[in-house]
Every structure is written in C-alpha cells, then in structure tokens.
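Student: A single structure is presented below for examination.
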Amino acid sequence: MSKKKKIKINAIGLIVEDNSDFKSFKIIISRILNRNNLTFKKQIGNGCGKMRRKAVSYADILYRKGCDLVILVHDLDRNNLKTLEKNLNDLINKSKVENKFVCIPIEEIEGWFLADPDGIKNTFNLKRVPKIKGNPESVASPKERLEDFVYHCSDKSKMYLNTQHNDLLSANLCLNKISSNSKSFKKFKENINSYEY
C-alpha cells in the first residue's frame, strides 16, 4: 500500500474566537513544528455563535488569502464533544479549502494549560505549584480555575488575565506534558504534524 503524500503547507489560516486565541495558537503551532517562519492569517469570530454562522465564509476568505490549511478552533465549553465535532466538521467541509480540520480544546485552551502545573508556577513565578486533581480536561471552567491558582499560589499578589497571559503560557509550558495529559491537545498535535511545511 502506498504511503499518502504529505501536502506542503505554506500558510495556515486560523478561525478563532478572539485575538488572544490567535496569538496562542500561532505560538503553539510554531513550537510543535519547531519553526519560526510560518505564515499565519486569521478570522476572528468574536464569540462561538458568530463563528459557527460564518465558519464557511471565514474559511473561504482564508483560502482566497492563500492559506493551504485552515483550522477551526472552537471551545467545547458545556457542549457534547461528538455532536459539536460533527456539526463543525459538517460546516467546514462546505468550504473550498482542501486541507482543514476542527480543533476543540476541552473545555477551552486554559484546560490545556492546566496540564502543566509546574510550567504555570514558573511562568508566573508563583510561590507554590498549583494542585490540579485528576485529568485537567475534567476541570470545569478552567479559565476561572487558572485565575484562582495564580491568585492563591502567589499569595494573592498576581492576577491572571487570559488576554494578557495566554501567549506567555503558550510559549513557556511543556508541550509534551500537555500532550500526555490532554487527549484534545494530542489530537491537535497529530493533526498539525500530518502535513509538510
């Protein structure tokens, strides 16, 4: 059986909720591929509802802008994973882009960050390592939990703001630890690595 030829990707289009997600995913993808010269373009949804409604037109815009790969990033939040995945794939498959996939962080990108408590401590120079019980993907409201951890583990001297700190966490956390502790991140990493750059 012949091995499927990898598609060469020159530009990656990201459909994301906000600019903070765009910056984080740019950093994470560059780190996964160990490349700093990748071209990224974005379409910002400003909320999941609008992002779902405009997913096809966003993907087509990115395609016209020269993106060979389009990734639709949508937080799981409180949705059912299989249902959301099917709905988003049905949407994105209507676009003209040949290479595309859906990424659903569980529950949100901050759930990925919780998979590396030591990295959180080092990034914020906290006094203690946050104690995360069980699977980080099972943590309800990970963004709020991260806020609590940073605040309490710094003896109430530091505040976490996703819009200011997510790119910092994306640059500093151990991707291997996140991959080991988060199925949704591992799947994302495998999808990214299935192309040639």
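Student: Out of G49, G45, which single residue is at pLDDT below 95 and in contact with a helix residue (DSSP H, G or I) (Cβ under 7 Å, 6 or more places away or on another chain)? Steps first, please.
Tutor: Numbers: G49 fails: in contact with a helix residue (DSSP H, G or I) (Cβ under 7 Å, 6 or more places away or on another chain).
Of G49, G45, the one residue that is at pLDDT below 95 and in contact with a helix residue (DSSP H, G or I) (Cβ under 7 Å, 6 or more places away or on another chain) is G45.
Student: Could I ask something else about it? With the condition kept exactly as written, say whether any residue in region 154-167 is of a type in the set (V, I, T) and either buried (at least 20 other Cβ atoms within 10 Å of the Cβ) or not in a helix (DSSP H, G or I) (or both). Can you show your working first?
Tutor: The initial filter retains those residues of region 154-167 that are of a type in the set (V, I, T), namely 163.
Retained after the next criterion (residues that are either buried (at least 20 other Cβ atoms within 10 Å of the Cβ) or not in a helix (DSSP H, G or I) (or both)): none.
No, there is no match, as no residue in region 154-167 is of a type in the set (V, I, T) and either buried (at least 20 other Cβ atoms within 10 Å of the Cβ) or not in a helix (DSSP H, G or I) (or both).
Student: Now for a separate question. For region 133-144, which residues satisfy the criterion of being closer than 19 Å to S24 by Cβ and not small (G, A, S)?
Tutor: Just the residues of region 133-144 that are closer than 19 Å to S24 by Cβ, to begin with: 136-137, 139, 141-144.
P136, E137, V139, P142, K143, E144 - these are the residues of region 133-144 that are closer than 19 Å to S24 by Cβ and not small (G, A, S).
Student: Taking the condition buried (at least 20 other Cβ atoms within 10 Å of the Cβ), among the aromatic types (F, W, Y) and under 19 Å from V73 (Cα atoms), does F149 pass?
Tutor: No: the conditions fail for F149.
Student: Residues S30, S57: which one is out of contact with any Asp or Glu (no Cβ under 7 Å at 6 or more places or on another chain), over 13 Å from C103 (Cβ atoms) and exposed (fewer than 14 other Cβ atoms within 10 Å of the Cβ)?
Tutor: Numbers: S30 fails: exposed (fewer than 14 other Cβ atoms within 10 Å of the Cβ).
Every option except S57 fails the conditions.
For (1) under 21 Å from N19 (Cβ atoms); (2) touching a strand residue (DSSP E or B) at 6+ places or on another chain (Cβ under 6 Å); (3) not β-branched (V, I, T), each residue gets a yes or a no:
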| site | (1), (2), (3) |
| --- | --- |
| I32 | yes, no, no |
| A59 | yes, yes, yes |
| E98 | no, no, yes |
| P105 | yes, no, yes |
| E108 | yes, no, yes |
| A115 | no, no, yes |
| K121 | no, no, yes |
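The values are calculated or read from the model by the stated rules, or taken from the named source; none is laboratory data. Computed from a prediction, not measured in an experiment: that's the story for all the values here. Please note: Cβ atoms are built from the backbone with ideal geometry, for glycine as well, and neighbour counts cover all protein chains shown.
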